[in-house]
Amino acid sequence: MMRTERNEQENLKKDEKKNRRKQKIAGGILAVVLVIGGFSAYRISTVKEFPSNAKVDGVSVGGLTVREAEEKINREANQIELKEDDRDAVTVKTQFKYEIKDTLKNRRALSVVDPRNYIGGGANYSVPLKVIGGEKETAKRIRKAIPDHKGTVETKDAYIDYKTMRIVREVQGDTLDVEALTKDVAESREQSPNETVFTFKSKDYIATPKVKFDDLQKELKFAKYYLTDGLTLRADSGDTVKVTPKQLSKVILYTEDGPEYSENGAQKVAKELAKNYSQDVYTVETEEGAKTLINYGIKSSVDRKKTAESILKAAKSKKKGILYLKASDQDLSTRVEVSISSQTVYYVQNGKVKLKTSVVTGGPSHATPRGIFQLAYKERNVTLKGSNGDGTDYASKVSYWMPFNGGIGLHDAPWRSSFGGSIYQSGGSHGCVNMPPAMAKQLFGYIDAGTLVYVYD
């Protein structure tokens, strides 16, 4: 019995030693885990960049933040090759935008504790490429990279010709359906991010008309009733401006339930009118009194907001509208004046005469054109060429050339000894304004392209 008890006690002591040894080992392991875990948590929370050797879908992102990596991957993932039929592949820099930010955050957190990025060549992580934009821009790039081949017949939609009020039929050609191709390329990028070559057959991407003749029958009847006559706008100056049926189609929109009037369309039309409208006749103040002149140089300023409102109202009522004008935003206080009757040139700056000189203008058979113009440009040392009344040619060298109406301009005339008076009636120029050289030099230094030029009797 004594021996048995002794043995049991010895076994108990051995078991206690083993347990203590196991506890020490477990404690050591736990400590290592805690250290590693703590280190990992510290790395994840403090390190914002990818390790130097890290890659994402083959793109090196070492040293980059998530945002920087996203930008780089978006750039480099967009480099693809398109191979059409048996033709050589073409490289296209697509403009797809990918939603990868959240995934990259996860990959960045993994990368900073991944030992492969510190030992060896580094880890390559994969991210799904979900396209969230850039299709239109990409389609333009593909269209440029893959132009239609010689002999291709363009596919066209049917449309209404608002001048003739007839439907122009659709055309089934063999042009490339770029939108469909772009869609499939986008899907390919999402499904196979590492595949940078997209092979396709042109016969699978032939564009078909989206709008056909029969689709426009009701809209044509609508157009004939609401748009045929367009609209007439009257300006304060007395000018009338026509809103064409095509322009009016942006304002009165076709729907199955009847017309819909577009405020945005009216604004677009007003913008077009403002861009193109120039008042035919303008009354201006000159050094020799008020003059009413044909206008080629003052761009009238259209009040786009009020004009758009008038267009919309006129479209609804089928009555005339108003083209509202604002005071010109051009500086009318600075200008060149050419008086034919007094044979004088004035340079007026900020309402005050800075230069005044006698000149010689065009004679009866080559009259200097009257009106309001703008200086086209100015140039030194030019040879002016033309034909005399007897059919002979002339070539006149001038030092200061300032054209304002095609080949008509102001310039020095060193061959003349006198200016002003009635010289122009018997010995006038070919239409230009001849100036004393010193005065021409002075004027040349004052004016620039765009300076207004008034020519009046």
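No lab work stands behind these numbers, since they all come straight from the coordinates. All values reported here derive from a predicted model rather than from experimental measurement. Don't worry about glycine lacking a Cβ; one is built from the backbone with ideal geometry, like all the others, and counts go over all protein chains shown.
Charging the Cβ of each Asp and Glu at -1 and of each Lys and Arg at +1, and nothing else, the dipole of the stretch 307-393 about its Cα centre rounds to 640 debye. Comparing Thr164, Ala207, Leu176 along the charge dipole axis of the stretch 159-213, the residue lying farthest to the positive side is Thr164, per the Cβ-charge model. Rounded to the nearest 10 degrees, the inclination of helix 304-317 to the longest alpha-carbon principal axis of the chain is 90 degrees.
Just to confirm the number: angle between the C-alpha axis of helix 101-111 and the first principal axis of the chain, 0 to 90 degrees, nearest 10? The answer is roughly 40 degrees.
Of the chymotrypsin sites (Phe, Trp or Tyr not before Pro) found in the stretch 405-457, those that fall in a DSSP loop while having at most 15 other beta-carbon atoms within 10 Å are Trp415. For the chain, the longest principal axis of the C-alpha atoms and the axis of helix 437-446 are separated by about 30°. Of Asp57, Asp329, the sequence from fewest to most neighbouring Cβ atoms within 10 angstrom is Asp329, Asp57.
For the chain, the orientation-averaged shadow of the C-alpha convex hull comes to 46.0 nm² (one quarter of the hull surface). Positive-end ranking of Ile142, Asn381, Ala438 along the dipole of the chain, with charges on Cβ about the Cα centre, is headed by Ile142.
Counting only lysines at least 8 places from Lys319 when in the same chain, those with an alpha carbon closer than 18 Å to its own are Lys224, Lys242, Lys246, Lys250, Lys306. Between Asp331 and Ser417, the FRET efficiency from the beta-carbon distance, with R0 = 35 Å, is close to 0.45. On the beta carbon distance between Lys320 and Arg370, with R0 = 45 Å, the FRET formula returns roughly 0.90.
The phi-based Karplus calculation (6.51 cos²θ - 1.76 cosθ + 1.60; θ = phi - 60°) puts the 3J(HN,Hα) values of the stretch 74-86 at 4, 5, 6, 6, 8, 7, 10, 10, 10, 10, 9, 6, 9 Hz, whole numbers, x for Gly and Pro.
Dipole magnitude for the stretch 227-326: about 220 debye, using +1 per Lys or Arg Cβ and -1 per Asp or Glu Cβ, origin at the Cα centre. Annotation: extensible slack from Tyr296 through Thr244 equals 16.4 nm (criterion: 0.36 nm per residue apart, minus Cα-Cα distance). A simple rule links phi to the HN-Hα coupling: the Karplus curve 6.51 cos²θ - 1.76 cosθ + 1.60 with θ = phi - 60°, which for the stretch 349-365 gives 10, 6, x, 10, 6, 9, 8, 9, 8, 6, 9, 10, 9, x, x, x, 8 Hz, with x for Gly and Pro.
Starting from the alpha-carbon convex hull of the stretch 411-454, give the projected area averaged over all orientations, in nm². Can you show the working numbers first?
On the way: hull surface 15.0 nm².
Dividing the Cα hull surface by four gives the mean projection, 3.8 nm².
Here the spin labels are modelled as points 7 Å beyond Cα on the Cα-Cβ line, and at Lys305 and Lys441 they lie 5.2 nm apart. Residue exposure proxy: Ser396, Ser237, ordered by other Cβ atoms within 10 angstrom of their Cβ from fewest to most, comes out as Ser237, Ser396. Listed by chain and number, the lysines placed with their C-alpha closer than 29 angstrom to that of Lys150 are Lys83, Lys93, Lys136, Lys140, Lys183, Lys201, Lys203, Lys210, Lys212; residues fewer than eight positions away on the same chain are left out.
Rounding to the nearest 20 debye, state how big the charge dipole of the stretch 292-344 is about its Cα centre with +1 on each Lys and Arg Cβ and -1 on each Asp and Glu Cβ. Kindly include the intermediate steps, with their values, before the conclusion.
Values: 11 positive and 5 negative charges, 135 e Å.
Charge dipole of the stretch 292-344: 640 debye, to the nearest 20.
Counted by neighbouring Cβ atoms within 10 Å, the residues Arg234, Arg141, Arg380 run from fewest to most as Arg380, Arg234, Arg141. Using a Förster radius of 25 Å, what is the FRET efficiency between Lys83 and Asn124 based on their Cβ-Cβ separation? Nearest 0.05, please. With R0 = 25 Å, the Cβ-Cβ based efficiency is 0.45.
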